[in-house]
Amino acid sequence: MSAQISVVICVYTEDRWEDILAAVSSVRAQSSAARETLLVVDHNASLLDRLAKEYKETEGVRVLANAGPRGLSAGRNTGIAAARGDIIAFLDDDAVAERDWLRYFAEGFRDPRVLAVGGRTMPAWESGRRPVWFPEEFDWVVGCTYKGLPRGRVHVRNVLGGNASFRRTAFDAAGGFATGIGRDGDKRPLGCEETEFCIRLTRARPDAVLLIDDRSVIHHRVPAVRERFRYFRTRTYAEGLSKALVSRSVGAAKGLESERRYTTRVLPAGVGRGLRDAALGRPGGAGRAGAIVAGVLTAAGGYILGSVRARRGGATFSVVEIAGTADTGGEGAAA
């Protein structure tokens, strides 16, 4: 029997109305059909009501209110508890999935050892093209797969949360996503909740296999404001803060395991390419090299400050236990 996949899309603002509709449409157009799509609304009564009306008569789509504190982690946990599938996939609310996205996810789970499968996230720049100064090594800044990640179907430490899927048993083993780490609407763009969860999962299940299959592709919209260096700097600083929280939870050895290779091999190579392009008169080379250096420094600054705060007890988070599948009403109902 083929796996049944529930897709969870966490939403929080009406400013992304068209994006949300496009995300849902891309799930409904999959070559391998999802069992259901769950739209989890993060403490926005107006959006909750509007989506409930939009999908009232739509089979396979349910609209739910975030049952926990404000933020992406609690929204995901709400979706996990309500989902009926044995695999739970997550899609960003401003992304669209290619037609075979779920099919390739399902293929990965044919191996019973596999507890998570992630995909490849491509940037869709609002301006129509990548800013010449923006290094591919830092595409994680805009929620996308970055240069330096291995290609194909490969084992990884963690998947990226906006394009990922997990067996339900993963949450039985490790609990839910930790609140207090990830995004909270339009506040400082923290992250790493999926990193912390995946490390915690492999500690609870040392035999677990986590994969990325880059055939599972989504296209993530990058608004103009995120194409600017100011956002780049803010996001890299926030990543440092987030990594400090993850290291506090799982230890620096695991929390920074992948980052060591990234900073000692991938980024120096990127600086070298940028400087070479600059020497050859190619546009943006010096800017990309400079952005890599600036990104490393701001992330390091965030990590140092976050570590100090963590030691002083000024930064907290909590792991939520997932109770199990919730009965949240019929199709298209707002809970």
Legend entry - Highest-MSF residue in the chain out of 201, 280, 64 [GNM, Cα springs under 10 Å]: 280
Inset, instruction - Give me the Debye-computed log₁₀ of I(q)/I(0) at q = 0.12, 0.15 Å⁻¹ for the chain, equal point scatterers on Cα only, no solvent, two decimals. - result: -0.82, -1.30
Legend entry - Most mobile listed residue (193, 107, 239) in the chain, GNM with C-alpha springs under 10 Å: 107
Legend entry - Inter-probe distance in nm under a simple model that places probes 7 Å from Cα toward Cβ, at residue 203 and residue 56: 4.7 nm
Legend entry - Spin-label model distance (nm) - residue 15 vs residue 32, 7 Å beyond Cα toward Cβ: 3.6 nm
Inset, instruction - Using label points projected 7 Å from each Cα along Cα→Cβ, tell me how many nm separate residue 225 and residue 280, to one decimal. - result: 3.7 nm
Legend entry - Ordering of 76-87, 286-297 by burial proxy (mean other Cβ atoms within 10 Å per residue, highest first): 76-87, 286-297
Legend entry - Charge-dipole axis of the chain as Lys and Arg at +1 and Asp and Glu at -1 on Cβ define it, positive-most pick from 29, 121, 46: 121
Legend entry - Helix axis angle, 285-311 relative to the chain longest principal axis, alpha carbon, degrees: 60 degrees
Legend entry - Nearest-0.05 FRET efficiency for residue 67 and residue 46, computed from C-beta distance (R0 22 Å): 0.75
Legend entry - Cα-based helix-to-principal-axis angle, 45-54 vs the chain, degrees rounded to 10: 60 degrees
Inset, instruction - For residue 118, list long-range residues whose amide hydrogen, built 1.01 Å from N in the peptide plane, is under 5 Å from its own amide hydrogen. - result: 165, 211, 212, 213
Legend entry - Candidate aspartates and glutamates - alpha carbon under 12 Å from residue 53, same-chain residues fewer than 8 apart omitted: 331
Legend entry - Share antiparallel - DSSP beta bridges, the chain, percent rounded to 5: 35 percent
Inset, instruction - Take 247, 6, 31 and order them by how many other Cβ atoms sit within 10 Å, fewest up front. - result: 31, 247, 6
Legend entry - With Cα atoms, 0 to 90° folded angle of helix 17-28 axis to the chain main axis: 70 degrees
Inset, instruction - Grab the Cα-Cα distance for residue 265 and residue 84, subtract it from 0.36 nm times how many residues apart they are, and report the gain in nm with one decimal. - result: 60.9 nm
Inset, instruction - Calculate, in nm to one decimal, what residue 294 and residue 122 gain on full extension: separation in residues at 0.36 nm each, minus their alpha carbon distance. - result: 59.6 nm
Inset, instruction - Would you mind telling me which residue in 277, 213, 139 has the biggest mean-square fluctuation in a Gaussian network model of the chain, where springs connect alpha carbons within a distance under 10 angstrom? - result: 277
Inset, instruction - Calculate for the chain the 222 nm mean residue ellipticity that helices alone would give, adding -39,500 (n - 2.57) per DSSP H run of length 4 or more and normalising by residue count, nearest 500 deg cm²/dmol. - result: -12000 deg cm²/dmol
Inset, instruction - Any aspartates and glutamates with Cα under 20 Å of the residue 243 Cα? List them, leaving off those in the same chain fewer than 8 positions away. - result: 137, 139, 184, 186, 193, 194, 196, 257, 259
Legend entry - Top positive-direction residue, dipole computed over the chain with Cβ charges, set 85, 295, 67: 295
Legend entry - Footprinting exposure proxy for 62, 120, 311 (fewest neighbouring C-beta atoms within 10 Å first): 311, 120, 62
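Readers should treat all values here as calculations from the given coordinates under stated rules, not as data from a laboratory. Not measured: the values here are computed from a predicted model. When we count neighbours, we look across all protein chains shown, and the Cβ atoms used for this are built from the backbone with ideal geometry, even at glycine.
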